[in-house]
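The next block holds one structure in the form of structure tokens; read it before the comments.
The values are calculated or read from the model by the stated rules, or taken from the named source; none is laboratory data. From a predicted model like this one, the values you see are computed outputs, not experimental measurements. Cβ: placed from backbone, ideal geometry, glycine included. Neighbour counts: every protein chain shown.
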Amino acid sequence: MSKPQIKVVFSNERLITPSGLNIVGGMLGKSNFVKRCNRIPVDKKRSEPQIKDGDVLLTFIGLLCQGKADYEAVKEMQDDPDFYESALGITRSIPSAETLRQRMDDIGSSIRPKILEANVDMFLTHGVEPTAFETGEVPVDIDVTPFDNSKTHKEGVSRTYKGFDGYAPIMAYIGTEGFLVDTELREGTQHCQKGTPAFLEETLQLSHKMTDKPLLIRMDSGNDAKENLGILLEDGDWFIVKRNLRRGETKEDWLHLVRECCKDVRNPREGKTVYIGSSWKDVEYVTREGELKSICIRIVYEIIERTIDKHGQILMESEIEVNTFWTNLGWTDDEIIASYHAHGESEQYHSEIKTDMDVERLPSGKFETNELVLELTIIAYNLLRMIGQESLKHRPDQKKRVKRRRIRTVISNMIQLASHVTTHARKTVMALGRSNTWRFAFMQTWLRFAGV
């Protein structure tokens, strides 16, 4: 017998795909984000002045939480505006694509402090604290990641160190989950250290509001500067910073030094020798009050000498690799090196923002508007991360231990979960179908963050 054919017809039922926006709106509604944004004075000359700034920002955050950073995507909300307005907490109406673009241009980067405060408030409101290591420190990973905006004439787009035209924003993630605590949009040609001291101080202030536990700051060699070390020391934080070779230092000098004094020498294979150890060096820095201070800081080193490559080829000259790290931790040398390598996980967070949320090619030609987009990304990214972490607790069929859900998984399984929406007696009911195994995780997450 042949299987019966499936017939496709249109109906008037309200079948909503991104039902997860109900959780997003509920989480934002419990914080002061919308209230703060709506207090911004409205320019009467604006188009659609009756639409509040809070509605504009909520609409764009709703798009970002669906992995859409294009103004035109707002047209998808026009098919059932009542649901999206109710789900996101929009008080007036959903702006058109043209109004959304113009109002985002008008707001620009003027509300950056409000967004950063709202991000911290969101964590405190929902009782979410970034997770620390077993040793008690909360990691804060700071790194620059280029955004490819090639073949555009957007303001601030220029050649990045990756070899393409774009932006070079700096990101700061906190906790083992990788929550986004701070970010700053930068021109592509801007050196990663330029403006970093001020950004570092801002990040530390925000991080201390989110957790009372000690911080462990991890940074790449591009931020190896005594000014940064001074800020971290004065703030009383732990740190691991990749160190650059100074003027006059050579790889050969380091190899000669460790051959004489290193006690931890390893031979993982024939033709490869690894020297692990610590050294100390005085560093001078100037405090915010202008006081000159000097302190002896530990340097952990990993010196690798190769006389035979991994394919068995004998080398005419030895290959020398020198990795050194500034740190004030009392951990073992191996633990310091391993922790710095774990800092590389931030590349995964970058990827989720750029690809899963589609934020890499920023939508505006104006630099300040793109700054606003990146700042709103902080809110949207953390909302998705919180939803993903909460959903981990409610999947009994999970076969392997997972410590973090990728943003793409959260969007596809929690935000884009379909529901049947009905309205009766002034109440709107969102029914989840029995055929979706994520309905239980969705319900528990909704009860945790958005339920009354």
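Brief remarks on what is shown
- Filtered by the rule that a residue be modelled with pLDDT of 95 or more and aliphatic (A, V, I, L, M), region 296-309 gives ILE297, ILE299, VAL300, ILE303, ILE304.
- Test: residue in region 23-44 that is modelled with pLDDT of 85 or more, farther than 17 Å from ILE379 by Cβ and surrounded by 11 or more Cβ atoms within 10 Å (Cβ to Cβ): no
- Of all residues in region 322-345, exactly one satisfies the criterion of being in contact (Cβ under 8 Å) with a residue 40 or more places away in the chain and surrounded by fewer than 13 Cβ atoms within 10 Å (Cβ to Cβ), namely ASP334.
- Pairs meeting the criteria (first residue in region 249-270 and without any contact (Cβ under 8 Å) to a residue 12 or more places away in the chain, second residue surrounded by 13 or more Cβ atoms within 10 Å (Cβ to Cβ) and in a helix (DSSP H, G or I), beta carbons under 9 Å, at least 6 apart or on different chains) are VAL265/VAL258; VAL265/ARG259.
- Failed condition for GLY290, given (1) in contact (Cβ under 8 Å) with a residue 24 or more places away in the chain; (2) exposed (fewer than 12 other Cβ atoms within 10 Å of the Cβ): (1)
- For the condition touching a residue at least 60 places away in the same chain (Cβ under 8 Å) and polar (S, T, N, Q), ASN223 qualifies.
- Residues located in region 1-32, provided they are in a loop (DSSP other than H, G, I, E, B) and among the basic types (Lys, Arg): LYS3, LYS7, LYS30
- Condition check for LYS366: surrounded by fewer than 22 Cβ atoms within 10 Å (Cβ to Cβ), over 30 Å from SER150 (Cα atoms) and more than 13 Å from the chain's Cα centre (by Cα): no
- Subset of region 130-151 [of a type in the set (A, V, I, L, M, F, W, C) and under 27 Å from LEU329 (Cα atoms)]: ALA132, PHE133, VAL138, VAL140, ILE142, VAL144
- Region 424-435: number of residues that are in contact with a helix residue (DSSP H, G or I) (Cβ under 8 Å, 6 or more places away or on another chain) and either within 18 Å of ILE387 (Cα to Cα) or part of a strand (DSSP E or B) (or both): 3
- Here PHE60 fulfils each of the conditions (1) in a loop (DSSP other than H, G, I, E, B); (2) modelled with pLDDT of 90 or more; (3) not small (Gly, Ala, Ser) apart from (1).
- Yes/no for LEU292 being of a type in the set (A, V, I, L, M, F, W, C) and within 27 Å of PHE123 (Cα to Cα): no
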